[in-house]
1. Could you tell me how many of the residues in region 113-128 are under 15 Å from GLY91 (Cα atoms) and either touching a helix residue (DSSP H, G or I) at 6+ places or on another chain (Cβ under 7 Å) or not assigned by the TED database to the domain that holds THR210 (or both)?
2. Could you tell me whether ARG54 is assigned by the TED database to the domain that holds GLY136, open to solvent by 30 Å² or more (accessible area, probe 1.4 Å), free of Cβ contacts under 8 Å to residues at least 24 places away in the same chain and of a type outside the set (S, T, N, Q)?
3. Kindly evaluate VAL200 against the criterion of being aliphatic (A, V, I, L, M), closer than 23 Å to PHE140 by Cα, part of a strand (DSSP E or B) and modelled with pLDDT under 95.
4. Of these, ASP189, ASP212, ASP135, ASP130, which one is loosely packed, with under 12 Cβ neighbours inside 10 Å and not β-branched (Val, Ile, Thr)?
5. Scan region 143-153 and give yes if some residue there is surrounded by 17 or more Cβ atoms within 10 Å (Cβ to Cβ), assigned to a loop (DSSP other than H, G, I, E, B), touching a Lys or Arg at 6+ places or on another chain (Cβ under 8 Å) and on the phi > 0 side of the Ramachandran plot, otherwise no.
6. Let me confirm something: among SER111, SER97, SER156, which residue is in contact (Cβ under 8 Å) with a residue 12 or more places away in the chain and open to solvent by less than 60 Å² (accessible area, probe 1.4 Å)?
7. Write out, first by first residue and then by second, each pair whose Cβ atoms fall under 8 Å of each other, whose residues are 6+ apart or on separate chains, and whose first residue, in region 214-234, is touching a residue at least 12 places away in the same chain (Cβ under 8 Å) while the second is open to solvent by 80 Å² or more (accessible area, probe 1.4 Å) and polar (S, T, N, Q).
8. If you go through region 61-76 one residue at a time, do you hit one that is over 22 Å from ALA245 (Cβ atoms), more than 17 Å from the chain's Cα centre (by Cα), in the same structural domain as ALA218 (by the TED database) and at pLDDT 90 or above?
Amino acid sequence: MNKNYEKFASVYDAIMDDSLYDLWTDFSLRHLPKSNHRKKLLELACGTGIQSVRFSQAGFDVTGLDLSQEMLDIAQKRAESAKQKIAFQQGNMLDLSRAGKFDFVTCYSDSICYMQDEVEVGDVFKQVYDSLEEDGVFIFDVHSTYQIDEIFPGYSYHENAEDFAMVWDSFEDEAPHSVVHELTFFIQDEDGRFTRFDEVHDERTYEVLTYDILLEQAGFKSFKLYADFEDKEPTETSKRWFFVAQK
């Protein structure tokens with residue numbers, strides 16, 4: 001694997017607030033039905049596997065799926081050093097036909113917001129529905145319309161560390177409730193030279209009613225809505241919505 005990419009992924013992990021993984025784990029444990037045997041859990045968009053390891057440590061039989069093989073290579077190493085047996089699959093959540101059957105599916109870190117449009121979001125919901133056992137539970141989080149419309153546009157974040165620097169700027173995009181994040185990383189290699197990486201992340205969210213309709217069309221019989229990692233209903237200024245849907 002490209003050494004620089006490995007470095008890039010570790011920078012990615014460094015800028016992610018670690019405490020969020022505890023919050024996602026706690027939220028999941030509160031909302032997934034308790035059982036005495038290891039339940040099969042599919043984590044969509046698992047990235048470098050931090051959340052997958054937390055789930056495995058909590059007693060789930062975990063499969064992590066991600067589009068990026070490089071991220072999964074790092075996830076595999078992470079699972080091994082944590083002595084957790086996790087199956088990682090390279091794949092797209094728009095096609096889970098080969099993923100298997102699961103009791104629970106999670107999709108965190110607003111990964112649903114990376115889908116191009118509501119058709120794709122609906123497709124993901126249908127794929128998840130088909131991968132779930134009867135009475136299975138699907139939990140995901142998305143940015144609220146408030147976060148995308150009011151907080152992100154004009155957002156700017158800069159970080160300077162010993163061996164990397166990062167510039168992150170967010171702008172309003174054309175579609176309703178959409179935003180583009182422009183990230184530039186400068187990462188130092190062994191020779192002390194800095195390599196530049198540029199990434200553009202397009203994110204889009206929808207009104208709660210849209211998610212409601214798409215979940216219903218996919219076949220889910222019910223869902224509950226929460227906000228900001230807490231077990232309470234969203235307010236107008238909630239930043240992150242959590243959906244707990246049941247097959």
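The values are calculated or read from the model by the stated rules, or taken from the named source; none is laboratory data. Quick caveat, the model's predicted, so the values are computed rather than measured. Neighbour counts are summed over all protein chains in view; Cβ atoms, including those assigned to glycine, are modelled from backbone coordinates with ideal geometry. Just the protein is used for accessible areas: all its heavy atoms, side chains included, with ligands, DNA and RNA removed. Shrake-Rupley method; radii C 1.70, N 1.55, O 1.52, S 1.80 Å.
1. Qualifying residue count for the region: 2.
2. Values: assigned by the TED database to the domain that holds GLY136: yes; open to solvent by 30 Å² or more (accessible area, probe 1.4 Å): yes; free of Cβ contacts under 8 Å to residues at least 24 places away in the same chain: no; of a type outside the set (S, T, N, Q): yes.
So ARG54 fails the test.
3. Here the answer is yes, as VAL200 does meet what is asked.
4. Selected residue: ASP135, the only one of ASP189, ASP212, ASP135, ASP130 that is loosely packed, with under 12 Cβ neighbours inside 10 Å and not β-branched (Val, Ile, Thr).
5. No - not one qualifying residue is present in region 143-153.
6. Selected residue: SER111, the only one of SER111, SER97, SER156 that is in contact (Cβ under 8 Å) with a residue 12 or more places away in the chain and open to solvent by less than 60 Å² (accessible area, probe 1.4 Å).
7. ALA227/THR235
8. Looking through region 61-76, at least one residue is over 22 Å from ALA245 (Cβ atoms), more than 17 Å from the chain's Cα centre (by Cα), in the same structural domain as ALA218 (by the TED database) and at pLDDT 90 or above.
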